[in-house]
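Step one of this worksheet: look at the structure below.
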């Protein structure tokens, strides 16, 4: 994986192209890394090393009666434990959304 500056030369999907267009319109400099699907923290840690930045873990949670939804963001190395009193007080009986 290689850290690259700016828009890629090859054509991308429309949504990605719109993001690059907006960044250019707003005169925002950015760097990017092209990578395959990153669905494990092991893969994300490799990307994190290349980026030289901390990647966060996003967990989408829902309470037991599915009336409240939560997006929990943690640093990649942190673990979310439902038995933790802070977790339980904040999100009673959390479930991972499927």
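Only residues in the stretch 37-55 that are over 11 Å from residue 3 (Cα atoms) count as the first member; pair them with residues that are surrounded by fewer than 10 Cβ atoms within 10 Å (Cβ to Cβ), Cβ under 6 angstrom, at least 6 apart or cross-chain, and list the lot.
none
Quick check: anything in the stretch 77-88 surrounded by 10 or more Cβ atoms within 10 Å (Cβ to Cβ), modelled with pLDDT under 75 and part of a helix (DSSP H, G or I)?
Taking every residue of the stretch 77-88 in turn, at least one turns out to be surrounded by 10 or more Cβ atoms within 10 Å (Cβ to Cβ), modelled with pLDDT under 75 and part of a helix (DSSP H, G or I).
In the stretch 42-66, which residues are assigned to a loop (DSSP other than H, G, I, E, B) and either crowded, with 16+ Cβ neighbours inside 10 Å or on the phi > 0 side of the Ramachandran plot (or both)?
Scanning the stretch 42-66 gives 52, 55, 66.
The values are calculated or read from the model by the stated rules, or taken from the named source; none is laboratory data. Remember, it's a predicted structure, so these values are computed and weren't measured experimentally. Cβ atoms come from the backbone with ideal geometry, glycine included; neighbour counts cover every protein chain shown.
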